[in-house]
Each structure stands twice: as C-alpha cells, then as structure tokens.
Amino acid sequence: MEEIKFTIDGQEVTAKPGQSVLEATLAAGIYIPNLCYDPKLEPYGGCRLCVVEIEGMRGLPTACTTKVTPGMKVRSETPEVHQVRKITMELLVADHPLECLTCSLNQRCDLQKAAAFLGVDQSRLRRSERALANDESNPFFVRDFKKCILCARCVRVCSEVRGLGAIDMAKRGYEAFISPFAGLPIADSICESCGECVDHCPTGALYVRGEAILPGKEVKTICPYCGVGCQMVLGIRQNRIVKVLGDLTYPVNSGSLCVKGRFGLDFASSEDRLKTPLIKKNGQLVEATWDEALDLVASRFKEIKKKHGGQAIAGLCSAKATNEENYLFQKFIRAGAGSPHIDHCARL
Amino acid sequence: MRFEQLQARAKKAWQEVVSPQIPLIRMGMATCGRAAGGQELLQAFQEELAKNKIQAQFSEVGCLGLCYAEPMAEIILPGRPGVLFAKLTPAKMKKIGEDYLVHGKIVGDSALAVMGPARNGTPAFTDLPMVKGQQRTALRNCGIIDPTNLDHYLAHDGYVGLKRALSLSPDEVIAEVKTSGLRGRGGAGFPTGQKWEFCRKATGTPKYLICNADEGDPGAFMDRSVLESDPHSVLEGMALAAYAIGAEHGYIYCRAEYPLALERLDLAIRQATEHNLLGDNILGSGFNLHLKIKMGAGAFVCGEETALMASIEGRRGMPRTRPPFPANQGLFGKPTTINNVETLANLPPILAKGGAWYAGFGTEKSKGTKTFALAGKVDRTGLIEVPMGITLKEIVFDIGGGSPIGKKIKAVQTGGPSGGCIPAELFDLPVDYERLAAVGSIMGSGGMVVLDENTCMVDVARYFLEFTKNESCGKCAPCRLGTRQMHEILTDICAGRGRPGDIELLEEIGAAVRKGSLCALGGTAPNPVLTTIQHYRHEYEQHIQDQRCFAGVCKALITYSINAETCNGCRVCATNCPQQAISGEKKKPHVIDTALCIKCGICYEMCKFDAVVRQ
C-alpha cells in the first residue's frame, strides 16, 4: 500500500493509509501526550491531550480522531497547543490522588508519563477528590474511582473487543463514573472477569489484587487452559508469576485473555500442586514415576476390557487439550479401547 | 379529499371562529397559560356562565408570547372583532362576563387589546408596545389558531408551501431556501440551504431528517411555544426539508419535559397522515414521509447533534468528534439533516411566499427574523420575534419596557448558558450572528435575560457555570473538570474566599476549555465567565480584594447596619427579623447584631425610612 507523507512540526513522517495523525506520529517515535487512545479501540477524542494544529483545519483537532492526508501539516508543539494540553493535564491532576508511590501502576502509568511530558508542576487549582468508595466486589481486581480519568477505555474494550458491555458511564459531568447496569457492584453484573479492562486502564483506577511488585523478567508462553492457544507474557520474579498480560503481537488473541488465563495461574506456585503422579498403595497415596503410573493405568484398562468388554470403558475429554490431542484421545477410546462412549466437557 | 377541497373546508371552519354565532371565548392554553392558571379560570368561568344561563362556546389557543399578561383570554362577540383580556383572575373574569359578554361593554382598562382596529380607547393588538416592533414568522400562528385544529392551520396558508414545493424539484426547493438566507436557529447559524445540499449530495440510503426539539437553555421556550401552539408548521417544515434532502423517514427528538408539546405533536402527525399531508404519496406527489417522535430523557447535551443521534440510536447521549458530519454519516451511519424547530417553522412561509420575501428582513449576513425569550429584570417578559438587525436597546426598552421598578438596566445575557453578558453601553448593537459573536456572546437559541443594577455579575457567571457544569456529559476532560474548577473558583469568590490571581486563572482555564473541549457545550461554557470578566473585571476585583459585593447579592460580602440618623424606632425590622438580631427601644434607633445576622435582607426590604444600610 502507498505510504502517505506528512509533516509534524516540520519533520517529515510517513503514515500507512487509514492511520490517524496520532498513530502515525507515535509509530515514528514522536510522543504526543494521550490517555484515551488505545490501538485496539475506535478513536474516542475524550482526554483532549492530543490536540494539535493542522493547517487548513479550524480550531484544535485531536490527533487521534484525524486521519492523515497527504501533505498534511501538523504542529504539535505550539504555545497554544501546549497551553491547552497543560491546563487539561492540570485539571486532571487536581482531581487525581497524589499517592503515586503506593499506586500499583507507579512508573507504568500513562498519566504520569503525560504529566511529566507537559511539565505539570505544583497545581494552582482547587484540589478535589471524588467521594466514591472502591468497588472491591470482584475477587481478582479492584476499581478505585478516585484514580479514574474517565477515558472509557475499560468501557470500550468491554464493548468493542469483548462484545459484552458489562460497564458504561453513569451520571453526568463531574459526577460521571464507570458502572455496571443499575449501579450494581461489578461482581453482581454480567462481567465475566476477563480483566481486559484492567489491562487497558491507563492509570491505577483498575488494578489486579496483589500485583503491585514489578516483575524481574518477562516470559512468553501459551496459556495452559484451553485449546485456543492464547499467547501470554508472564512477569516473573523469584521464579513466581507476578503479572500476566496478553501478548499484543500474537495474532491468535491480540492481547486478549479470559478470566482463567489472566487470573488462574496461581496454581503454578501452589504448595498443593502435584508434581509427580501418585499411586495408592495400602490406602496411602505414594509418589511414583510417569512410567509406573502409565503402566498401571494401561494394565487396568486391559483387565477391564478382557473381563467386561471395551464398552465398559468411557472417555471424557477436556477443553484444556488441543484439537489434535482430543482427536487422539477419541481414537484411543474408539480404536484402542473399542468403546463408542466418548464425550467432551464442552458439550455438557 | 383534494387539497383545494381541504382548504375550502378550512376557510369555512375559520370563518366560524372570527364571526361566531354565539360568543366565543378563546383561552391561552399553552404550558405558560396553564401554569398561570388558565385551566382553572376557564373551568370557573364556564360554570359561572352556565349558572347564569349565558350561551357561549370555548376553545383553546396557544401562546401569544405576552407572558407578563398571562393568563389571557380573547372574547369574540358576534359581529365584533375579538378583544383580548389579560392578567385574569376569577373575580376579573366574572366581571368581564357581566360587562362584556352580557352588555358588550369594556369597563375601565380591563381589556388589553382589540384583535382588529383600536376601539373606544382599547388599542389594536398590533399597536401594543410589545407587539409593534415584532415580525412574527415562525410564531405567525401562535396564540392565533387552535393548535389541535388542522383546519385552523390550513386556513392560514397551511401546507401551501409544501404544495408548492412538491411542484418543484428538490434542487429548486434548496435554491429557494438559499435565497431566503435562512440560517439554523438552534444557535450555530449554519446556512440551512447549504446544509440540505450537503445531505442531498451525500451517498447512502436511507437518508434521515431529524427535528431537534430538545430545547434546553434555562429560560428559553421558543421551541416549546411553537410545538404547543402551532405543531403543523413544524411538520410542514419537516416535509419540505425531507423532500429537499431526499429522506422518507424523520424523527422529532423532543424532551420528555414537554408533555403538552408531545401530545400536540402526536395529534398533529395523526391529523396530517389522515389527510395525506404526511405518510405515503403525499398530496399525490409520490413523495413519502413517515415521522416518529423520540423523547429525550432530560440531558441538555442531547441538544448537540451528535449526542442527539447517539440517543436516538439507544446509546448514551454523548457527542463525538466531527467530521464525519451528519450530512455524510449521521443517524445509524446514514446521511442525516438535523434542523431546529424554529428553523423548520420558518420554512412554510418561505416556500409559500418565496425566499426573497424572507430575505427582505434582517441584515446582510443574518436574514429574516429571530425569536427571543425575553426574561429577567424587564417589565414585559415573553416570547418575541423580531427582524434581525434590531438593536438590543429596542428589544429591552421598546418591546420589553425596561425595568419594571425603575432600576438601571446593567446588561443582557444572550444565548443562555453558552452565551455572554453584553453591557448596557453596547445596547446600540444590532442583533445578528456576527455582531453578537464580535462582543463575545452568541445568538444561541434565543434566550435573552435582562440584568439590572442589583445583579452581581460574578454571581451571574457562577449561576450559568453551575448549569453547564451539571450538564457536561463527562466525556471530555476540559469540559468535565474545567467547568467544575471554574465553578469552584467562582463560588469561592462569591463566598469571600477569592484569592489573588483567581481572575487570571479563570481566564486561562476558560480559554483552554473553550479551545480544548470536544463539543460546543464545553466550547461555549466559559462565555459567561469570560464576558463578565471582560466587561466587569472591577466587580471581580471588588469581590476578591475589597471583599465587597456592591450589587448586594453575595451574602458573605455584605453587611447590614442601621443608620441611627434615619431610624425612628418603629420596630418593624426587629419584629420581622427571623434571628432576633435587631434590638432597640421603641422610638429609639435600633442596632443589628452582625454576629446573629444571617443577611436575609428582610429588614432592608421592610424599612420604610431607608434606615437599613446594605454595604
């Protein structure tokens, strides 16, 4: 496809067709402050931090909602643009708790990044804080309304990506807040706890319980739960999983995960986790090797088949296995055991 | 029935109104008339007449726009022009029944006007000071016809414009509207003909027409009056617009707080459909139009076109960035035209009489007439329609009659909460879109609040900001947080907590909110603050530096005391003080204990000797 040339503050940049000014500029390594922009979502134009001047356009359009056209002349660093962004940021900061050191998003926060870029110093404004108690109803994540900047990324990801629409904006103006239908706690809503909203929150308004520490290294892996094969990035610290993220670059899931993958990996370091097969001997479960265990199972199957016929054996396979594994399993039951009794948990 | 037959029937029906066989009493029954007690009056009057066996017939009309004179009734005796009686009370109504209905006499100055030539000292309606300078176009039938009677509308050239339009091509209709110079009356003033042309040329089907009847400015009631008093003019306007842009489906987005307007619209749609003025194959032309009413749920921001469309689609009413403009991607992603009620009501006469006729009124860039809801500290409040280019002075003093209590008029706020304050020194300003914008205000939908010397401009700014702050949808940060921040600062200033630098801060935030907001709500919300700072900076400074509010409005900044020289110790203030803060012996000067005083101002209002001093 043709590349489109345009300039930002005099510097020539190329954009792909259909790209917004913000996308093309960020891709070129030039930062324009933004909070409500999210590559996975439709442009929103809510935070107004990406306002720019564009020759031939009235007022200050937002870079996120304006598509690049050939020869477009964009200015991102004029005094007027800076002033509007800075005041907008000051207003956001005046309404935001200043407890960054104890925030779970410390140093990974888009608000911090944009505030630092714009040089927001001691606020001249009247400080305020919303008097809404945290929604602690979900076992995996918490919503802290005081840190919410109403960028609506959580709302949009729930509706545009997950197709669920469990949350939306309620009330108006300064009173507005993100809420499930009828103001219910999130746990009593249709929310499926996929955590996608948490992943897309630019501040610490949505955070995973107990995930405050920074990972030491990141490991890419495939989710062990089902056959879809979502790729995930695990944050590891001291050989424990401290953070789970979907891999944005992986075509299968494009960064999405479900409740199991995102919040169900704590078994990996559980004290109760089985690491070897156990065989019951004299009423006691005793650790065994895989060879011992498989030999035992094979011999017992043979015994049953000989004594009662293959039809006495039934197989129930799992969605945790891949399609190929499920195919092999039904082959084993039908051809190996000689039984028609095969079923799958997804059918129940 | 053919259109000509309909017209003949209508003429006959109207003839029965203007020359009735038995006395006809026509009561103003728009929401304004009802709120003023019209319904109760009418009922009492009917009972009274029945008791005395006086024969009479009754009907309802809409709003004439003379709010100050409500409740009103027009009485038409056989063979005489109608006479308008105003500020009616049950006693007054009973007396009129005897004097005028039975004896045909107008006693004293009980009558306001004659709906014809002046007679026996009662002026002609058109010569009333409030009516004289007006040019009623959108309001042409309001208060004249019975809004529930299609014949009445037809008898006043109703649907003549549509009939003519259907004999023209859509492009010719657009050309006629372009000639008229009509601009959107919802506030932004975009040329109507051009808006239609964009939509007509846009690709995509179906196309939609929307009537924006989500009138939300506090104190503005132009659209409500038209919808309640003359709903068919809006429907005819919609039919014209839909024909021009090529739409077969239309929505009327009307706020649910207008129950009477909704009821009358619904009836009018049924009447028009029944008589082939709406529906399929309108007047045999092959043109179809189906209208639906959509009720708004009380959000001011839904008057903004993109928020309005989101609301019709069933989503949260929040604006989105334009482009794409509705003409290309509007309702359900299809080409859409949105016109305001008043714009639509202007169209039938434009099509019937020609665009050049309409363009004969107004100024070079702002043609035609504009309605204004005249309110505040003015003698004759009400709804007026004047040619563009009229001066503010003419509106406030000639039509409105200036201050009712002899106070000095200080300023006028145009354009509602999105508008600005224009000081009295600029009252020679001709009213049109460009000139109002040049002084920092806007035409808006036509709110006009008159302020007198007892109005504190900081308090006015705070009042309007409170409205916009509460009505901000919350989507964009500058509007959501900026209006709140400015409101906080203004509240502080009014409460005596203003800080040095607050004025500059208000200017800075105001400018950022104006430039940075997503839609026109935020884009115009700072106007009341910025214009009052521009013209009344000294009042802000007095509040902050001197801790004084000379208008006597901001309680924290005023004190009451008693001038011992003029106080004669009548004890009226002391007896009426709710806090017992005033002490003193009879016939000796009294004293106010400022620690107990809650600054309610009762003593100030009650003292007949001007001995109570407010500072």
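The values are calculated or read from the model by the stated rules, or taken from the named source; none is laboratory data. Note that the structure is predicted; figures quoted are calculated from it, not measured. Note that each Cβ is placed from the backbone with ideal geometry, even for glycine, and that neighbours are counted across all protein chains shown.
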Inset, instruction - Determine if the range A:133-147 includes at least one residue that is of a type in the set (Val, Ile, Thr) and within 12 Å of chain B (Cβ to nearest Cβ). - result: no
Inset, instruction - Only residues that are within 14 Å of chain B (Cβ to nearest Cβ) and in contact (Cβ under 8 Å) with a residue 40 or more places away in the chain: list them for the range A:96-127, please. - result: A:His96, A:Asp110, A:Leu111, A:Ala114, A:Leu118
Inset, instruction - Determine, yes or no, whether B:Arg164 is over 30 Å from B:Gly33 (Cβ atoms), surrounded by 24 or more Cβ atoms within 10 Å (Cβ to Cβ) and of a type in the set (Lys, Arg). - result: no
Legend entry - Selection count, the range A:50-59, where residues are in a loop (DSSP other than H, G, I, E, B), surrounded by 20 or more Cβ atoms within 10 Å (Cβ to Cβ) and within 8 Å of another protein chain (Cβ to nearest Cβ): 0
Inset, instruction - Inspect all residues belonging to the range B:120-135 and state whether any of them is in contact with a Ser or Thr (Cβ under 9 Å, 6 or more places away or on another chain) and modelled with pLDDT of 95 or more. - result: yes
Inset, instruction - Report, by residue number, each residue of the range B:425-456 that is touching a Phe, Trp or Tyr at 6+ places or on another chain (Cβ under 6 Å) and among the aliphatic types (A, V, I, L, M). - result: B:Met443, B:Met448
Inset, instruction - Provide a single number: the residues in the range B:539-559 that are without any contact (Cβ under 8 Å) to a residue 40 or more places away in the chain and either closer than 13 Å to B:Glu504 by Cα or crowded, with 22+ Cβ neighbours inside 10 Å (or both). - result: 1
Inset, instruction - Being surrounded by fewer than 24 Cβ atoms within 10 Å (Cβ to Cβ) and touching a residue at least 24 places away in the same chain (Cβ under 8 Å) is the filter; apply it to the range A:40-49 and report the residue that is farthest from the other protein chains (Cβ to nearest Cβ). - result: A:Lys40
Legend entry - Total residues in the range A:65-91, condition in contact (Cβ under 8 Å) with a residue 40 or more places away in the chain and facing chain B (nearest Cβ under 9 Å): 5
Inset, instruction - Kindly state which strands (runs of 3 or more DSSP E) lie completely within the range B:341-415 and contain at least 3 residues that are under 14 Å from the mean Cα position of the chain (by Cα). - result: B:369-376, B:382-387
Legend entry - Evaluation of B:Leu88 against (1) under 32 Å from the mean Cα position of the chain (by Cα); (2) surrounded by 15 or more Cβ atoms within 10 Å (Cβ to Cβ); (3) farther than 19 Å from B:Leu128 by Cβ; (4) of a type in the set (A, V, I, L, M) (one fails), failing number: (3)
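If you check A:Ile342 against the conditions, is it modelled with pLDDT of 90 or more, outside the structural domain of A:Pro224 (by TED's automatic domain parsing), of a type in the set (A, V, I, L, M) and in contact with a Phe, Trp or Tyr (Cβ under 7 Å, 6 or more places away or on another chain)?
So A:Ile342 does not fit the description; no.
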Inset, instruction - Please report, ordered by residue number, the strands (runs of 3 or more DSSP E) entirely within the range A:270-348 with at least 1 residues that are out of contact with any strand residue (DSSP E or B) (no Cβ under 8 Å at 6 or more places or on another chain) and surrounded by fewer than 14 Cβ atoms within 10 Å (Cβ to Cβ). - result: A:278-281, A:284-287
Legend entry - Subset of the range B:490-505 that is surrounded by fewer than 24 Cβ atoms within 10 Å (Cβ to Cβ) and under 25 Å from A:Ala176 (Cβ atoms) - its residue that is farthest from the other protein chains (Cβ to nearest Cβ): B:Thr491
Inset, instruction - Inspect the range B:576-585 for any residue being without any contact (Cβ under 8 Å) to a residue 24 or more places away in the chain and crowded, with 18+ Cβ neighbours inside 10 Å and give the result as yes or no. - result: yes
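Table: residues versus (1) farther than 16 Å from B:Gly523 by Cα; (2) part of a helix (DSSP H, G or I); (3) at the interface with chain A (Cβ under 10 Å from one of its Cβ atoms); (4) among the aromatic types (Phe, Trp, Tyr).
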position	(1), (2), (3), (4)
B:Val450	yes, no, no, no
B:Val460	yes, yes, no, no
B:Phe467	no, yes, no, yes
B:Asn470	no, yes, yes, no
Legend entry - Selection within the range B:311-344 - surrounded by fewer than 19 Cβ atoms within 10 Å (Cβ to Cβ) and small (Gly, Ala, Ser): B:Gly314, B:Gly333
Legend entry - Among (1) within 14 Å of chain B (Cβ to nearest Cβ); (2) at negative phi; (3) out of contact with any Cys (no Cβ under 9 Å at 6 or more places or on another chain) - the single one A:Ala176 does not satisfy: (3)
Legend entry - Residue tally, condition in contact with a Lys or Arg (Cβ under 8 Å, 6 or more places away or on another chain) and part of a helix (DSSP H, G or I), over the range B:494-509: 3
Legend entry - Of the criteria (1) under 14 Å from the mean Cα position of the chain (by Cα); (2) closer than 30 Å to A:Lys171 by Cα, which one A:Lys260 fails: (2)
Inset, instruction - Take the range B:472-489 and flag every residue that is of a type in the set (A, V, I, L, M, F, W, C), in a helix (DSSP H, G or I) and within 7 Å of chain A (Cβ to nearest Cβ). - result: B:Ala477, B:Leu481, B:Ile489
Inset, instruction - Considering only the range B:186-212, state which residues are modelled with pLDDT of 95 or more, crowded, with 19+ Cβ neighbours inside 10 Å and not aliphatic (A, V, I, L, M). - result: B:Thr192, B:Gly193, B:Lys195, B:Trp196, B:Glu197, B:Cys199, B:Arg200, B:Lys207, B:Tyr208, B:Cys211, B:Asn212
Legend entry - The listed residue being over 23 Å from the mean Cα position of the chain (by Cα), part of a loop (DSSP other than H, G, I, E, B) and more than 24 Å from A:Glu196 (Cα to Cα), out of A:Pro70, A:Pro97: A:Pro70
Inset, instruction - With respect to A:Glu90, determine if the residue is loosely packed, with under 15 Cβ neighbours inside 10 Å, of a type outside the set (Val, Ile, Thr), at pLDDT 95 or above and in a helix (DSSP H, G or I). - result: no
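So that you can scan it fast, the table gives a plain yes or no per residue for (1) within 13 Å of chain A (Cβ to nearest Cβ); (2) of a type in the set (Gly, Ala, Ser):
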residue: B:Gly286; (1), (2): no, yes
residue: B:Leu291; (1), (2): no, no
residue: B:Ala297; (1), (2): yes, yes
residue: B:Gly303; (1), (2): no, yes
residue: B:Glu313; (1), (2): no, no
residue: B:Arg320; (1), (2): yes, no
residue: B:Phe325; (1), (2): yes, no
residue: B:Pro335; (1), (2): no, no
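Please enumerate the residues belonging to the range B:524-538 that are in contact (Cβ under 8 Å) with a residue 12 or more places away in the chain and not β-branched (Val, Ile, Thr).
Matches in the range B:524-538: B:Ala525, B:Pro526, B:Asn527, B:Pro528, B:Leu530, B:Gln534, B:His535, B:Tyr536, B:Arg537.
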Inset, instruction - Select from the range B:506-534 the residues that are facing another protein chain (nearest Cβ under 10 Å) and among the charged types (D, E, K, R) and write down the one among them that is surrounded by the fewest Cβ atoms within 10 Å (Cβ to Cβ). - result: B:Glu508
